[in-house]
Structure formats: C-alpha cells, structure tokens
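Accompanying notes for the structure given below.
The values are calculated or read from the model by the stated rules, or taken from the named source; none is laboratory data. If you're wondering where the values come from, they're calculated on a predicted model, not measured in any experiment. Here the Cβ is made from the backbone with ideal geometry for all residues, glycine too, and neighbour counts use every protein chain on show. Just the protein is used for accessible areas: all its heavy atoms, side chains included, with ligands, DNA and RNA removed. Shrake-Rupley method; radii C 1.70, N 1.55, O 1.52, S 1.80 Å.
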Amino acid sequence: MGIKSKAAAAILVLLVFLGSLWLQGGLDYHWDACLKGYNQVNKLHQLSNTSAAVEDEAPPVLKTCPGQSFQVSLLLSHLLASPAYASDVLLQPYLSSWDELVKFMDALGPMVGLISKEIESKTSIIRQLALLPENDPEAEVGPGMNSGKNEASRDTGAYHSVRSMIRVELERGVVNFHHQTDSGCRTLLRLHRALLWLKLFLEKLAEAPAAGRFRSPSELCREAYQSTLAQHHTWFVRRAAELAFIAMPERALFYRLVCVQGQDGLSAVLSRVARAIGEVYDRTQAALEEHAMLDLP
C-alpha cells in the first residue's frame, strides 16, 4: 500500500476511531448534554486569573511566528502562569495552554486536527461548569449568565484551580467513582492523560538523532501514545490510532511551527515547553492521586 493509500485509509479509520473516544475509548455519552447552551456563551466568557502565579524564572524570549495561529511563546507563557501556591494549578492558564496546544495539533493536518476537536470539547465542559451559579451546580448555562456575581465567582470560586474544583465537586457529590458523571474532575483526568502524551511527544522531538539518523515524527508520536493514552484504550482504538499517525507531517514542519532553523533550535524550544508541561502535569497528578481520582470511569 502506498503512502497516499495509507493516508486515505487512516482518514477513514480515524473517523471510526474518534467515534469510540480518543481520550477514553469513545465519545462521552453525555457530551451533547454537557455542552447544551455552551456555544452561546463560550466566546463571551473565560475563567479569569487574579492570583499571582509561581514562575521558576523568566523564560527565554521567543519570537512571534508570523502568519500562523499557533504561537509557542503564548503556550509557554500560559504554562508558566499555571502553577500556583505550593502545589496547585490555576485552571484559566491551564485551559489557555490547551487552547494553544489545540492550535498546535490543528497545524499538523486534518488527522491530528480531528483529535484536537475532542480535546476542545473537554476544555469547553470545564469552562461551562465554571459559569454555573455557585449555589446551583446543576443549573443550565444560558445567555443570562453575565451578572457581576458570576464574574466575581470565577476569580475565587470552585473552578479557580484544580484543587478547589476537586474539593467543591467532592463536597457536592458530583464525582462518582463507579459511574460516569458530568464532573470537572473526570473531564480533567481525560485532559491530564492527553497532556502526558503530548509532553512525551515533544520531548522525543527534542532529542538528538540516534546514530546520526532522526526518527520520524510519526514514529515518535506513536511511541509516545503507546506509553500513555494507549493504556486507557481498547485494542481497536489502539490499532486505529497507529494508522492515524501515518499522516503525521515531517520534521521540517515543526521547525516552522516554532520559528527555528533546525534541530538545535527545535530542541531548545521544545525542551523548555516540555519542562513547563511537566510542572503542570506533576502538580495535577499529585492532586488527582491524593483523592484517588486517577481511574475515574
């Protein structure tokens, strides 16, 4: 089978693959219900961050890449703004980081772009939950959610950070450890797993060539998938994912995405991004693990 034929087959298989869940093995049964009314308000509302984020050091100056949607400088700034306090993660910059990562995946072509749509649905669910009135967590989101009270609650409310969301959702009883629920914690777990996949993929792209030969991004992405998300997918989904990675573009595209001339520049940028992702991932992992949430259905 030629490359074009493989790519065509990958497109067909991936459509089925997405129908059986990218982040957990199939599209969530409650997806439409969770997003009801969201399209009218998502563009008008975002979680806001008024707390000072803890940053390790001033990041290196990264140039704006003209003519493209994805900006690695924005991704890095959101990642560095996410850690808060001793061990928490602020949800606004965390979700903004995902906004840039979605643009990154979209730039890799329609195959990976389809996967990014599922991730967008997850970030939308958490943003929608943050808009619900504090005293009525089961209320539906609607056009009338513009009150000053709701604006203020997003600054210090339940969905201000990962740990505040976990605490409040446990208190409200919306997290079920045996059945699927519309909780932010369950949704966060799916994003968390995907974040590890992308972290490992970027780390592998940043590596020096082995024996003088660069491994293809397709091979690296498949390897990162096999050690992360594949552990949560069925046999069929794993096979479909491996076919989907055939359409991954060559390494030169990644040079253009981060505005570098070659592998040395790519390694420097992606290593910095991967370290920032690692800090966010480790804090989220600790919070979920402390509350036995790493295997939510």
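Report yes if L200 is open to solvent by less than 20 Å² (accessible area, probe 1.4 Å), closer than 30 Å to V162 by Cβ, at pLDDT 95 or above and not in a strand (DSSP E or B), otherwise no.
Numbers: open to solvent by less than 20 Å² (accessible area, probe 1.4 Å): no; closer than 30 Å to V162 by Cβ: yes; at pLDDT 95 or above: yes; not in a strand (DSSP E or B): yes.
No, not satisfied.
For the subset of the stretch 63-93 comprising residues that are among the hydroxyl-bearing types (S, T, Y) and outside any loop (DSSP other than H, G, I, E, B), which member is most open to solvent (accessible area, probe 1.4 Å)?
First, pick out the residues of the stretch 63-93 that are among the hydroxyl-bearing types (S, T, Y): 64, 69, 73, 77, 82, 85, 87.
From the residues that got through so far, the ones that are outside any loop (DSSP other than H, G, I, E, B) too are 73, 77.
Numbers: S73: 34, S77: 54 Å².
Going through the qualifying residues, I end up with S77.
Could you list all residues from the stretch 205-237 that are under 19 Å from V112 (Cβ atoms), open to solvent by 40 Å² or more (accessible area, probe 1.4 Å) and either in a helix (DSSP H, G or I) or in contact (Cβ under 8 Å) with a residue 40 or more places away in the chain (or both)?
Of everything in the stretch 205-237, those that are under 19 Å from V112 (Cβ atoms), open to solvent by 40 Å² or more (accessible area, probe 1.4 Å) and either in a helix (DSSP H, G or I) or in contact (Cβ under 8 Å) with a residue 40 or more places away in the chain (or both) turn out to be E219, R222, E223, Q226, H232.
All but one of (1) at pLDDT 90 or above; (2) under 20 Å from the mean Cα position of the chain (by Cα); (3) not polar (S, T, N, Q) hold for E207; state the number of the condition that does not hold.
Every listed condition holds for E207 apart from (2).
Exactly one of (1) crowded, with 17+ Cβ neighbours inside 10 Å; (2) modelled with pLDDT of 90 or more; (3) under 30 Å from A158 (Cα atoms) is unmet by R172. Its number?
The number of the failed condition is (1).
With the checklist (1) part of a loop (DSSP other than H, G, I, E, B); (2) modelled with pLDDT of 50 or more in hand, flag the one item A139 doesn't pass.
(2)
For the stretch 284-297, give me each residue that is at pLDDT 95 or above and open to solvent by less than 30 Å² (accessible area, probe 1.4 Å).
T284, A287, L288, M293
Criterion first (charged (D, E, K, R), assigned to a loop (DSSP other than H, G, I, E, B), modelled with pLDDT under 95 and open to solvent by 50 Å² or more (accessible area, probe 1.4 Å)) does E151 satisfy it? Give the steps one after another, and end with the answer.
On the way: charged (D, E, K, R): yes; assigned to a loop (DSSP other than H, G, I, E, B): no; modelled with pLDDT under 95: yes; open to solvent by 50 Å² or more (accessible area, probe 1.4 Å): yes.
In short, no.
If we keep just the residues of the stretch 240-255 that are touching a residue at least 24 places away in the same chain (Cβ under 8 Å) and open to solvent by 40 Å² or more (accessible area, probe 1.4 Å), which is farthest from L75 (Cα to Cα)?
Here is the first cut: in the stretch 240-255, the ones touching a residue at least 24 places away in the same chain (Cβ under 8 Å) are 240-241, 243-251, 253-254.
Imposing the further condition that a residue be open to solvent by 40 Å² or more (accessible area, probe 1.4 Å) reduces the set to 243, 246, 250.
Working: L243: 28, I246: 26, E250: 22 Å.
Applying the filter and picking the extreme gives L243.
Hey, can you tell me all the residues within the stretch 72-86 that are modelled with pLDDT of 95 or more and either in contact with a helix residue (DSSP H, G or I) (Cβ under 7 Å, 6 or more places away or on another chain) or closer than 22 Å to A286 by Cα (or both)? Steps first, answer last, please.
The first filter runs over the stretch 72-86 and keeps only residues modelled with pLDDT of 95 or more, leaving 72-83.
Within the stretch 72-86, V72, L74, L75, L76, H78, L79, L80, A81, S82, P83 meet the criteria.
In this structure, is R215 at pLDDT 85 or above and more than 26 Å from E100 (Cα to Cα)?
no
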